[in-house]
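Student: What follows is a single structure, and I will ask about it in a moment.
The values are calculated or read from the model by the stated rules, or taken from the named source; none is laboratory data. The model shown is predicted, which means the values in this text are computed figures rather than measured ones. FYI the Cβ positions are ideal-geometry reconstructions off the backbone, even for glycines, and counts take in every protein chain you see. SASA here: full protein model, heavy atoms, side chains in, ligands and nucleic acids out. Shrake-Rupley method; radii C 1.70, N 1.55, O 1.52, S 1.80 Å.
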Amino acid sequence: MGMMRSRTQVGIVGAGPAGLFLGHLLALEGIDSAIIETRSREHVIERVRAGVLEQGTVDLMNDTGLGERLRREGLRHGGVYLSFLGRRHRIDFEELTGGRAITIYGQNEVVKDLIAARSASGRPLDYGVEDVSVADFEGLRPRIRYRREGQEYEITCDFVAGCDGSHGICRPTIPAARLAVYEREYPFGWLGILARAAPSSQELVYALHERGFALFSMRSPAVTRLYFECAPDEDLGRWTDEAIWDELTARLGTADGWRPNRGEILQKGVTGMRSLVAEPMRHGRLFLAGDAAHIVPPTGAKGLNLAVADVRTLSQALAAYYREGRADLLDGYSDRCLRRVWRAQRFSWWMTSMLHRGAGGSGFDYRRQIAELDYVTSSRAAMTSLAENYVGMALE
Ligand code: APR
Ligand code: PHB
């Protein structure tokens, strides 16, 4: 069997939210794409990830025909709670930002909707590919090569979109001398569970407790999502379900008797926390988008929203190129994204450092954090700053 060759306008590496959403936006512009993905369709749909959509992400889904299930099943939240010293304090996003809010809708639901749209479009999406490489992106005809079920493939493209996440091959393929990578690791991780339990709060609760951070979130009226700060290499095997619930109750429970409802634990895992930005987000005809270009700690709930904002910017630039022969938006892609990325990095870092104790956290640090939470929940200026960053910058 020889090499199977094909041709497309935009070759997309990775079928996470970034790659799938880009394929969707390009299809609406009449631009061809081919998407390849190393994992299986089931894996891509089922892996449990974040679940907070900014208003801009919700609006884009609605405007591009992806909003039907989101309008039915998404949970609109007009605020969040910050919890410390045994009390919950509400930050009212709607009131502070002129009516903006967030919507709870799992990333895997977004991915399901995008896969359905891709199938309906009849455009190619190949799962289970291996040995992916990208070449010739410094010239006019970049190529993607891969193997699938023993067959070798080559796709010749006008452009390649590296949407292959934090462990993909696109970022490391760019010559190191042409890419600056700014990185920070945090000395803690999150132990997260998904539980069959009705949420006991209508809105998210971010808590700082002497024992460390905890977060109360949800996926639906019947499913709660919870996390607590742990060691970055925490051994899950050390935690019985009962011990997990006890830890969550200790950190989240408040003096008025509020606590998360318990239920069957459906899934659990440990995630590390990292901040990373690669600059610029483009080399020649290879464009990076989403986690392939930047990683934020989950405390600000920005990862998915940044990925969507990147590919929206990229699809606009590609549309201007194909429609009007303009390259200026492609040339401005990286700068336009990086401004939003660094703003989200700053916010995510700030939320993370306000709410986590870390192994080396001192009594001084804890008292300073409490003072900061006290300020953020009592000064209208400070509350507004949190609210406008949490609901997100409007997409241009
Ligand atoms: N070739 C093809 N696909 C690849 C390769 C490769 N060499 N390497 C990785 N992939 C796939 C992964 O299996 C994954 O499905 O690329 C996809 C990248 O998807 P995500 O990791 O979800 O990243 P992205 O689409 O940028 O979305 C960012 O996802 O990680 C969360 O919190 C993050 O919400 C954010 C969002
Ligand atoms: C989640 O629901 O998974 C979630 C919510 C808020 C965060 C992070 C994760 O900051």
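Student: Quick one: ranking M383, M218 by accessible area, 1.4 Å probe, largest first, what do you get?
Tutor: Reading off the accessible areas and sorting them downward yields M383, M218.
Student: Once all Cα-Cα distances of the stretch 232-354 are split into 10 Å bins that start at 0, what whole-number percent is in each one?
Tutor: Here the calculated profile for the stretch 232-354 is 11, 30, 25, 18, 11, 5, 0.
Student: Could I ask something else about it? With charges only on Cβ, +1 for K and R and -1 for D and E, what is the dipole size of the chain about its Cα centre, in debye, rounded to 20?
Tutor: It comes to approximately 240 debye.
Student: Just going by the charge dipole of the stretch 1-119, with Lys and Arg at +1 and Asp and Glu at -1 on Cβ, which of N62, L26, V52 is farthest out on the positive end?
Tutor: So the residue we want is V52.
Student: Using only helices, what value at 222 nm comes out for the chain when you add -39,500 (n - 2.57) per DSSP H run of length 4 or more and divide by the total residues, to the nearest 500 deg cm²/dmol?
Tutor: My calculation for the chain gives -11500 deg cm²/dmol from helical runs alone.
Student: Continuing with the same structure: Leaving out ligands, DNA and RNA, what percent of the accessible area of the stretch 261-383 is carbon and sulfur, probe 1.4 Å?
Tutor: 53 percent
Student: Just to be sure I understand the model, the point goes 7 Å from the Cα along the line to the Cβ. What's the resulting R87 to A255 distance in nm?
Tutor: In this crude label model, R87 to A255 measures out at 0.7 nm.
Student: As an exercise, use a Förster radius of 35 Å and the Cβ-Cβ distance of E242 and I370 to find the FRET efficiency, rounded to the nearest 0.05.
Tutor: In this case the efficiency is close to 0.75.
Student: Output the antiparallel fraction of DSSP beta bridges having both residues in the chain, as a percent to the nearest 5.
Tutor: 75 percent
Student: What FRET efficiency comes out for S6 versus L266 if R0 is 51 angstrom and r is the Cβ-Cβ distance? Round to the nearest 0.05.
Tutor: 0.80
Student: If you average 1/r across every pair of different Cα atoms in the stretch 1-144 and take the reciprocal, what Kirkwood value do you get, in Å?
Tutor: It is 17.5 Å.
Student: Please name whichever of A135, A320, I12 sits farthest to the positive end of the charge dipole of the chain, dipole taken about the Cα centre and charges placed at Cβ: Lys and Arg +1, Asp and Glu -1.
Tutor: It is A320.
Student: While we're here: Would you kindly state how much longer the chain becomes between S379 and R72 on full extension, computed as 0.36 nm times their sequence separation minus their alpha carbon distance, in nm to one decimal?
Tutor: Result: 107.0 nm gained on full extension.
Student: Sticking with this structure for a sec: Please list the radius of gyration and Dmax for the chain, considering alpha-carbon atoms only, with Å as the unit.
Tutor: For the chain, the Cα radius of gyration and maximum Cα-Cα distance read 21.5, 70 Å.
Student: Compute the Rg/Rh shape ratio of the stretch 203-243: radius of gyration over Kirkwood radius, all on alpha-carbon atoms.
Tutor: Across the stretch 203-243, the Cα-based Rg/Rh ratio is 1.01.
Student: Continuing with this model, one more query. Which one of V270, G237, W258 is farthest out on the positive end of the charge dipole of the stretch 230-270, using unit charges on Cβ (Lys, Arg +1; Asp, Glu -1) and the Cα centre as origin?
Tutor: With unit charges placed on the Cβ atoms, the residue in question is W258.
Student: Next question, about the same structure. May I ask you to give the solvent-accessible area per residue for the chain, in square angstrom, as obtained with a 1.4 angstrom probe?
Tutor: The answer is 42 Å² per residue.
Student: Mind listing the phi-derived Karplus ³J(HN,Hα) values for the stretch 208-218, rounded to whole Hz, using 6.51, -1.76 and 1.60 with θ = phi - 60°, and x for any glycine or proline?
Tutor: 10, 10, 4, 7, x, 6, 8, 9, 9, 9, 7
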